[in-house]
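Undergrad: Take this structure first; my questions come after.
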Amino acid sequence: MANDTKESTDTESDGQLVDLVSYLDGELPDDEAESVERQLTSDSVLRSDADILSRTWAMLDSLDEVSGSRQFTQSTLQVVSQEAKSQPVTRQVRSFRLLKLLAKHHVLPLFLLGALCAATGLWVVQSANDRRSAKSEELAADQIVLQDFDMLQNLELYQRVPDADVLKGLKLKTEQGSAERSTVQDVTEKESQ
Amino acid sequence: MVSQSLPNQYLADPDVQLMLQVTSGDNGAFEKLVERYQDRLIGFFFHLVRDRIAAEDMAQEVFLRVFRARERYVATARFSTWLFRIAHNLGSNQRRGLARRKEVSLAASAGPQNENRSDEQNLAEKSALMPTRQLDSKETQDIVRNALDGLNERQKMAVLLHKFEGMSYEDIGDVMDLKVVAVKSLLSRARGNLRDTLQQHLMDQGE
């Protein structure tokens, strides 16, 4: 910046100018202010410089003071009132902006993809569970078949028996036959002895 | 009186109290703040951009920002310091924008005086009836205005806040986000530059 690098005057260093201006502005602590006052008393060039600084600063007072137009207050309050009324709309607009922002940064597509993946995973797990329960039912049926396997082997034979009396008669005959067989066996054994 | 959970020194500032009332939904308090500060803000921006309409627009924008910020307002400074911090930020951005677009026309730099002057004044000037003293005064104004415009942005801001707002170096530091030592340096360079530009005119007047 041209103004920053511009040399002020040959009469003072930067530090001296800072102190002098701060003194004129009443911004120096008491001890430093007293030091500047002593220098001003003894240094006529510095005193002249301080005088020019003060007078050029005072020239700024010649600038016009500007005030607001008559309508300014009312128009400002109207603008603010409109702002207050439009705030809910602004919130909606902000929500829409947020949605657009999410879409812009691929957050929304990623979210939808994630939801799709989760649904697919649920479906896979559910199908596996269904298959597992169906298999369990099959195993239970096989177990029943194994338990009654002997009966099932002779099922065709059993189906030829008309009723229970035939079976009872059959049983009696079987018992008598075996008694005769055992009597014959005893006789045979005695004869051989 | 509206108060906050933690007491602080700034609550003694009546304008801080008004702002806290605005926070509570008191529109009358906001109107009072507008009335109190509108001329100061318009003057600040006018010296900055030298365009009355632009200055009013900028002042209105500052009040709008104040209103928007009401819900999160915390009294961490005097109200005027907080307000001019907003004004400073807006002014800095505006000046940068203007500089980029090079929209500051010579017509605008002539200032609002032409708009505001009465018909009698214009007639007097045209008919060369204006007293010499008035012409001198106008000439002085132009010279001073040009000298002020010759400062860089930060120097000009610091000068406006110090000279026209009567702010201390500490307050200027708060507004411009600078340390006091930086404000001292900024203002001393600004005043040195003003002196270099204006002292010839001062001598001419003395003759």
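Undergrad: Could you go through region B:102-116 and let me know if any residue there is within 10 Å of chain A (Cβ to nearest Cβ), within 23 Å of residue B:55 (Cα to Cα), modelled with pLDDT of 90 or more and in contact with a Lys or Arg (Cβ under 7 Å, 6 or more places away or on another chain). First the steps, then the outcome.
TA: Here is the first cut: in region B:102-116, the ones within 10 Å of chain A (Cβ to nearest Cβ) are B:111-113, B:116.
Still in the running and within 23 Å of residue B:55 (Cα to Cα): B:111-113, B:116.
Then drop every residue that is not modelled with pLDDT of 90 or more, which leaves none.
No; the residues of region B:102-116 include none that is within 10 Å of chain A (Cβ to nearest Cβ), within 23 Å of residue B:55 (Cα to Cα), modelled with pLDDT of 90 or more and in contact with a Lys or Arg (Cβ under 7 Å, 6 or more places away or on another chain).
Undergrad: Applying the selection to region A:40-57, what residues are without any contact (Cβ under 8 Å) to a residue 12 or more places away in the chain and farther than 16 Å from residue B:200 by Cβ?
TA: Answer for region A:40-57, where residues must be without any contact (Cβ under 8 Å) to a residue 12 or more places away in the chain and farther than 16 Å from residue B:200 by Cβ: A:40, A:41, A:42, A:43, A:44, A:47.
Undergrad: For region A:1-102, which fully contained helices (runs of 4 or more DSSP H) count at least 2 residues that are modelled with pLDDT under 90? I'd like the intermediate steps shown before the answer.
TA: Values: elements: A:2-5, A:14-24, A:30-42, A:44-58, A:72-85.
Per the criteria, A:2-5, A:14-24, A:72-85.
Undergrad: Which of the residues belonging to region B:63-82 are more than 20 Å from residue B:166 (Cα to Cα) and of a type in the set (A, V, I, L, M)?
TA: Selection gives B:64, B:66, B:69, B:74, B:75.
Undergrad: Something else: If I go through region B:144-163 residue by residue, how many of them are more than 8 Å from chain A (Cβ to nearest Cβ) and within 21 Å of residue B:86 (Cβ to Cβ)?
TA: Looking only at that region, the number is 7.
Per-residue answers, yes or no, for (1) modelled with pLDDT of 95 or more; (2) away from chain A (no Cβ under 12 Å):
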| position | (1), (2) |
| --- | --- |
| B:13 | no, yes |
| B:23 | no, yes |
| B:41 | yes, no |
| B:47 | no, no |
| B:68 | no, no |
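Undergrad: Would you mind stating whether residue B:20 is farther than 19 Å from residue A:72 by Cβ and surrounded by 19 or more Cβ atoms within 10 Å (Cβ to Cβ)?
TA: Considered against the rule, which asks whether it is farther than 19 Å from residue A:72 by Cβ and surrounded by 19 or more Cβ atoms within 10 Å (Cβ to Cβ), residue B:20 comes out as yes.
Undergrad: What's the total number of residues in region B:174-207 that are more than 16 Å from residue B:147 (Cβ to Cβ), polar (S, T, N, Q) and more than 9 Å from chain A (Cβ to nearest Cβ)?
TA: Matching residues across region B:174-207 total 0.
The values are calculated or read from the model by the stated rules, or taken from the named source; none is laboratory data. All of these numbers come straight from a predicted model, not from anything done at the bench. Positions of Cβ are generated from backbone atoms using ideal geometry, with glycine treated the same way; all protein chains shown enter the neighbour counts.
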